[in-house]
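Undergrad: Once you've had a glance at the structure underneath, I'll fire off some questions.
The values are calculated or read from the model by the stated rules, or taken from the named source; none is laboratory data. Remember, it's a predicted structure, so these values are computed and weren't measured experimentally. All Cβ positions, even for glycine, are placed from backbone atoms using ideal geometry, and neighbour counts span all protein chains on display. Heads up: the accessible areas ignore ligands, DNA and RNA and are worked out on the full protein's heavy atoms, side chains in. Shrake-Rupley method; radii C 1.70, N 1.55, O 1.52, S 1.80 Å.
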Amino acid sequence: KDAMVDMDIKQKPHQPHWYERYVQPCVAELLGSTLFIFIGCLSVVEDAEGTGRLQPALAHGLALGLTIAILGDI
């Protein structure tokens, strides 16, 4: 009966590891910013005539959406 009482005791909540708390968000920010800037710059390099401002705007929007989808939960 005492074993059942011991199992009912609530355990302390899980404390995140220092890597998950400090390093992982910084790495995610670095990767997200790099992806956003890299794709944005590449979308302007081959600026075909007739696309105007649409091509860089779409590329930045898609890069931002992709970055949020991949790294948003970190």
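Undergrad: With every protein chain left in place, what is the accessible area per residue of segment 19-72 in square angstrom, probe 1.4 Å?
TA: It amounts to 77 Å² per residue over segment 19-72.
Undergrad: Another question, then. In segment 21-40, whose amide N lies under 15 Å from the spot 7 Å out along Cα-to-Cβ of HIS60? List them in ranges.
TA: Output list for this probe position: 33-40.
Undergrad: Along each principal axis of its Cα atoms, how long is segment 19-72 end to end? Whole angstroms, biggest number first, please.
TA: Result for segment 19-72: principal-axis Cα extents of 47, 17, 10 Å.
Undergrad: Quick one: ranking HIS17, HIS60 by accessible area, 1.4 Å probe, largest first, what do you get? Show your work: numbers first, answer last.
TA: Values: HIS17 105, HIS60 60 Å².
Final ranking, largest accessible area leading: HIS17, HIS60.
Undergrad: Carbon and sulfur atoms: what percent of the 1.4 Å accessible area of segment 19-72 do they account for?
TA: Details: 2890 of 4140 Å².
Answer for segment 19-72: carbon and sulfur cover 70 percent of the accessible area.
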